[in-house]
1. If you filter the range 114-201 for trypsin sites (Lys or Arg not before Pro), then keep DSSP loop positions with at most 14 other Cβ within 10 Å, what is left?
2. How much of the accessible area of the range 27-302, probe 1.4 Å, is carbon plus sulfur, in whole percent?
3. Just want to confirm a number: the relative contact order over the range 27-302, from Cα pairs under 8 angstrom separated by 6+ residues, in percent.
4. What is the set of long-range amide H partners of M177 at a cut-off below 5 Å, with H atoms built 1.01 Å from backbone N?
5. I'd like the accessible area for V15, computed on protein heavy atoms only with a 1.4 Å probe and all protein chains in place. Round to 10 Å², please.
6. Mind listing the phi-derived Karplus ³J(HN,Hα) values for the range 169-180, rounded to whole Hz, using 6.51, -1.76 and 1.60 with θ = phi - 60°, and x for any glycine or proline?
7. Given a Förster distance of 30 Å, report the FRET efficiency between A217 and R93 from their Cβ-Cβ distance, rounded to the nearest 0.05.
8. Ordered by packing density, taken as the mean number of other Cβ atoms within 10 Å over each peptide's residues, highest first, how do 104-114, 53-63, 225-235 rank?
Amino acid sequence: MWSPNSTHFFSPMFVLLGVPGLEEAHGWLSIPFCAGFLIALLSNFTILSVVKTKASLHQPMFYFLCLLSFVNLGLSISTLPKMLAISPFGLSRMSFDVCLAQMFFIHTFTGMESMVLLTMAFNCYVATCDPLRYSTILTQATVIWICLSITLKPACLIFPMTVMSKHLPFCSAHINMPHTYCEHMGIAKLACTDIHDNVFYGLWVASFLVLELTLIAVSYTKILQAIFRLSSKEARLKSLSTCHSHIAVIFVFYTPALFSFLTHRFGHNIPHFAHILIANLYVILPLMLNPVIYGVRTKEIWTRVLQMLSHWETLREVTSPSGRRVVFDYLKGGEAEASHGLLRSQ
């Protein structure tokens, strides 16, 4: 039984144990973690770069996509470096304050991602069901206010949760946490006190995710109804093609998120290692797949990426020894000779 005399009211040292039951496989698990981290960084930075450099993409939809990439980058930087440090380097220790900071950013960025997906569903709804009023509804000022609310609302919800966790008493100065990152219920379950307040507040916060998922479902129901009322088959296929990418991203985000949330509270018969692996997928999969799905399915972005790759290939050819010789000859005025040299080098 817990008693006040056995509680230490100081910040303990947390030790992340990784995936329990799979300690010998931690080295192998670090490979997909590292690949996911690199893919997330490269693909999300590519999305940001493409939208920034292409003036025709300066539209609300692509602003929201940039915000999604920013959230993905924040979530990947908050979680994956520590995951990678656990297995090969043994850097699994962190102070309670650092653990709380990681928890705050993970849950905040998760809430932001859910709101971004809801906003993109609303954007798609307006573009499909009320296209003539699109520019008057999603004005620049409206987009700015939406982005501010996406940033502030999750932070305001998660901050009280962080304060509540900060005041939890622990019975040891060293806490072994069977996880790869710090999250709210994982911390609360290790406390030496009743955690009903934490459970109820966590459920209240999670209810916003359920509400947002419900609104997303309503939006896409309306969108599909509007699409199937279109007389042109080509227009229907084009609209459905646009919706496919949104639905895929929503599925990738919400499926592991809801599974992880439910197993924390009701999945007592599910092996703990399975729960931790699902929690890791919930963090890694959206970071990797979101920019890939939107990059491939969005014609404007995919075209711009191909243009950038073609431009880099041209620069590589020019900076090669034969390429430098061709450019030098051309600058000297020997255009015919340069052309001949270029054909010879190819």
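1. K189
2. Ligands and nucleic acids excluded, carbon and sulfur reach 72 percent.
3. 26
4. Placed amide hydrogens put V15, L16, L17 under 5 Å from M177.
5. In the full protein context, V15 sits at about 20 Å².
6. x, 10, 8, 8, 7, 10, 10, 8, 10, x, 7, 9
7. So the FRET efficiency works out to roughly 0.10.
8. 104-114, 53-63, 225-235
The values are calculated or read from the model by the stated rules, or taken from the named source; none is laboratory data. A quick note: this is a predicted structure, and the numbers were derived from the prediction, not measured. Heads up, the Cβs are rebuilt from the backbone with ideal geometry, glycines too, and the neighbour counts pull from every protein chain shown. Surface accessibility is based on the protein's heavy atoms, side chains included, excluding ligands, DNA and RNA. Shrake-Rupley method; radii C 1.70, N 1.55, O 1.52, S 1.80 Å.
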